[in-house]
1. At 222 nm, what helix-only mean residue ellipticity would chain A give, in deg cm²/dmol to the nearest 500, using -39500 (n - 2.57) for each DSSP H run of four or more?
2. Run the simple label-point estimate for A:Arg86 and A:Val44 please: 7 Å along Cα→C-beta, distance reported in nm.
3. What ranking do A:Glu161, A:Glu168 get, fewest neighbouring Cβ atoms within 10 angstrom at the top?
4. What does the charge count around B:Trp401 come to, taking other residues whose C-beta lies under 12 Å from its C-beta (Lys +1, Arg +1, Asp -1, Glu -1)?
5. Would you work out the charge dipole size for the stretch B:195-307 about its Cα centre, treating the Cβ of every Lys and Arg as +1 and the Cβ of every Asp and Glu as -1, and quote it to the nearest 20 debye?
6. Can you list the HN-Hα couplings for the stretch A:198-209, worked out from phi with the Karplus curve (6.51, -1.76, 1.60; θ = phi - 60°), rounded to whole Hz and with x for Gly and Pro?
7. Provide, as a two-decimal number, the C-alpha radius of gyration of the stretch B:137-255 over 2.2 N^0.38 Å, N being how many residues it has.
8. Sequence-distant or interchain residues sharing an amide H contact under 5 Å with B:Leu227, placed H: which?
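Each value in this text was obtained by applying a stated rule to the coordinates, not by laboratory testing. All values derive from a computational prediction rather than experimental measurement. Glycine also receives a Cβ, built like all others from the backbone with ideal geometry; neighbour counts cover every protein chain displayed.
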Amino acid sequence: MALKPARRPPEAGVITLGLLATLALAYLAAPLVNLLFAEPWRDVPATLSDPLAIGALETSLASATISTLVIALGAIPLAYALSRWRFPLRWLATLLVYIPLVFPAVVSGIIQLLLYGPYGLIGAPFAANGHELDTTFTGVVLAQTFVAAPFAIVAARAAFEAVPTATEAVAMTLGATRWRVFWTVSLPQASGGVVAGLILTWLRALGEFGATAVLAYHPYTLPVYIYVQLTGLGTPAALPLALLSLAASVVAIALAQLVTARSRIPGVGAPDTAGGRL
Amino acid sequence: MKLGETRFPLNVSGASGAQPEQKAGVDGLRVAINLRRGSFHLRAAFGAPPGLTALLGPSGAGKSLTLQAIAGLTPVASGAITLNGVALVDTKRGIATPARLRRISYVPQSYALFPHLSVAGNIAYGLPPEQGGASWRGWLKSEMRERRAKRIAELLRLVRLPGFEARHPSQLSGGEAQRVALARALAAEPVALLLDEPLSALDAPTREAIRDDLRAIIAASGVPTVLVTHDLAEARALADHLVALCDGYVVAEGSLAEALASPPTSSAARLFAWENILPVAHVERGNGTGWHVTLTSGQKFTLPATPTMDVAQGTRLALAMRAERLEVRAISAESMLPMLPMLPPLPGGISLRGVIQRMTDAGAYYRLRIALDRPQEGITRQAEQEMESGFVTALCSPREWATLGLATGARVAIVAPADAARLVVRDEV
């Protein structure tokens, strides 16, 4: 005789958790949903024909992309080193990585301005030759790189830590150099997390406002231009731009979800590595 | 103190660790290493001749660490590793060959297949460049591609997985993954092969099936192999040569049969499933007849005098006996009156007396727990507390049991043939 599954009302704790989760989601969604009904839509065509807005969007897309590439070049090796090597002052390196995350973005901008500005240690020689690092496209990239780098480093580090060291060890015994092991064993296994981290990094760079505004107010990025419109003309002028920014973000988030979902490689070998679901 | 009968290697008598003499001949692997990992200290020295060597030991004995040191995956503090006469590591001469140049393939316990590569990709990873592995040319030239595909197919046939090229590691069963890992290891044409607990990740029925396959594949490949295991049955089924490791030391070494028959220490005896380890209270020289041994239970027996070695004064000894080789004989009540055994022990054998305390039916055999008589009460209380000294386990077949017609509480003599009982050095706390 088959047993019928007992039909029981969900536990009170489950209801509480579900309620809180729903509240959190509603809190996050409310401003966005409100925006969609705030009728800035009819101004979008006008905004798209505003050369300043288009210029700001172009600057944002280009600078965020370049920043992300620069970050990838440094963050991936740094994340690998932090996950695999034991070296002196490693704890300090770990701490440094988090600094841009905990500093207010404005502060990140100020300390960079001190270094890259016309009187800064690095900025002065450039400025003397007519290549200011601040208030230029380079300045925008510098600001975004500093602020967005932690996202890539933290994500890539977690991804490398999840790579079984045994696979790297085996590759070495099969005659591979450490360089080859990195490219053919470590990075491919970490690629999902690394790419997801880079997409987040790109998003962070795209949305960067505080540090950019301090270090490179010009050329306008989209967030800076939105701020300019907001302070000059008020909300109605800023809202269509906000929609533009929102659209770019949504596309990138969807992309990130897609990449991380695809990269999940099931465990190999030992049955004890198989994860379970509650 | 002189001792007879048992042939102790001298190196086990002290705490200095095993350091066997380097034997002549260059074939195989010779290891003498010293390294620390946290509070664990590994001081292993042994040889692995061509063929299959099992590195047997309980968990935490340092087996995997030894394997990693041989593979070049963990640095050695001091010592030397030579393979077929070539020094891979020699700290005195400053030699430390990196793992990738040792030509020693290593299969970890988890197999560590590359999850992002197909079975063919995994195997190709190990192929030498001239067979199309590890080079861009190998992927570009069609001739190379063909040669590589041919070699991969060959290796997959060897491990009995023909046609598995396109599968991915996630689609393999445990046994299949293990054989792919083996094929990948052999693809590199290694000079030696290291397997860390090759069967432990498999369920019991698969393990049985794979074991014979594994032996056949390794034999067919002709590559000298060192296999780590904690399972005596696995070592028995697979190995030609045995190295027993306990707590970072090599406690026994030799051909499989020879090593299993002559554990030098109590930890080795335990590892080799010599179930009975009885502490010895003292040993004294008899008048020409041999050595008189007294157990802590007070029972005495005599070993024939064949002095072969010295045991340092104060070395603690134990009597190790194989439960499955003991013979249990009934003692009638009247034969107890004179304390001489009515049935003399087998030549060179040992005879002890006791009372059957418990009989457990284990299916194919009965397990008897026999409480030893105590002619002199309380000889070495401390030693008794350290080990279960007052009991002997003997196995007997149901038919023997029926013939004996005994029951719990019966008095028996336990007779051990000479090759089933040994004096061993007590190296356990």
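1. Details: 13 runs with 200 residues, N = 278.
That comes out to -23500 deg cm²/dmol.
2. 5.7
3. A:Glu161, A:Glu168
4. On the way: positive: B:Arg367, B:Arg399; negative: B:Asp361, B:Glu400.
Combined, the nearby Lys, Arg, Asp and Glu give 0.
5. Values: 7 positive and 14 negative charges, 113 e Å.
Taking the Cα centre of the stretch B:195-307 as origin, the dipole is about 540 debye.
6. Running phi through 6.51 cos²θ - 1.76 cosθ + 1.60 with θ = phi - 60° gives 5, 5, 4, 4, 4, 4, 5, 5, 5, x, 4, 10 Hz.
7. Numbers: Rg = 16.4 Å, N = 119, 2.2 N^0.38 = 13.5 Å.
After normalising by residue count via 2.2 N^0.38 Å, the value is 1.21.
8. The answer is B:Thr53, B:Ala54, B:Leu55, B:Leu195.
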